[in-house]
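Okay, so here's the structure we're looking at.
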Amino acid sequence: MFIDALWTQTQGLCQRVVGHSKYSGSHYSYGNKYIYDCANGSANTGNAERWRKVGTNHHLT
C-alpha cells in the first residue's frame, strides 16, 4: 500500500508538470516523454537514478 501511495503522488506531480503552460510537450525530449508517460500511467515511478536521467536529459536538450 505504501508503494501505491508513492506512485499516486508521483503520477499527480507528473500530471501537474504536463498540464503547465511551459511544458514543452512529450516530443521535446526523452525526459519529457517519460514525465508524460508517468502522468498517463504508462510508465512506473522509477528511482532516483531514473529521475536524475530524466531531468538532465530535459535540461540538456
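The values are calculated or read from the model by the stated rules, or taken from the named source; none is laboratory data. Here the structure is a predicted model, which means the values were calculated and not measured. Protein only, heavy atoms only, side chains kept; ligands, DNA and RNA dropped before computing areas. Shrake-Rupley method; radii C 1.70, N 1.55, O 1.52, S 1.80 Å.
Report the full-extension gain for the segment HIS20 to ARG52: residue separation times 0.36 nm, less the Cα-Cα distance, to one decimal in nm.
That pair, HIS20 and ARG52, stretches by 9.5 nm at full extension.
In 5 Å bins starting at zero, report the fraction of Cα pairs in the chain per bin as a rounded %.
For the chain, the pair-distance distribution reads 4, 21, 29, 27, 13, 4, 2, 0.
Full-extension gain between LEU60 and GLN9, please, as 0.36 nm times their residue separation minus the C-alpha to C-alpha distance.
Taking 0.36 nm per residue and subtracting the Cα distance, the gain is 15.8 nm.
With a 1.4 Å probe and all protein chains left in place, how much of the accessible area of the chain comes from carbon and sulfur atoms, in whole percent?
55 percent
For n ≥ 4 DSSP H runs only, could you compute -39500 (n - 2.57) per run for the chain, divide by its residues and tell me the 222 nm figure to the nearest 500?
It lands at -21500 deg cm²/dmol.
How much area per residue is accessible in the chain when the probe is 1.4 Å and only protein heavy atoms are counted (Å²)?
Per-residue value: 75 Å².
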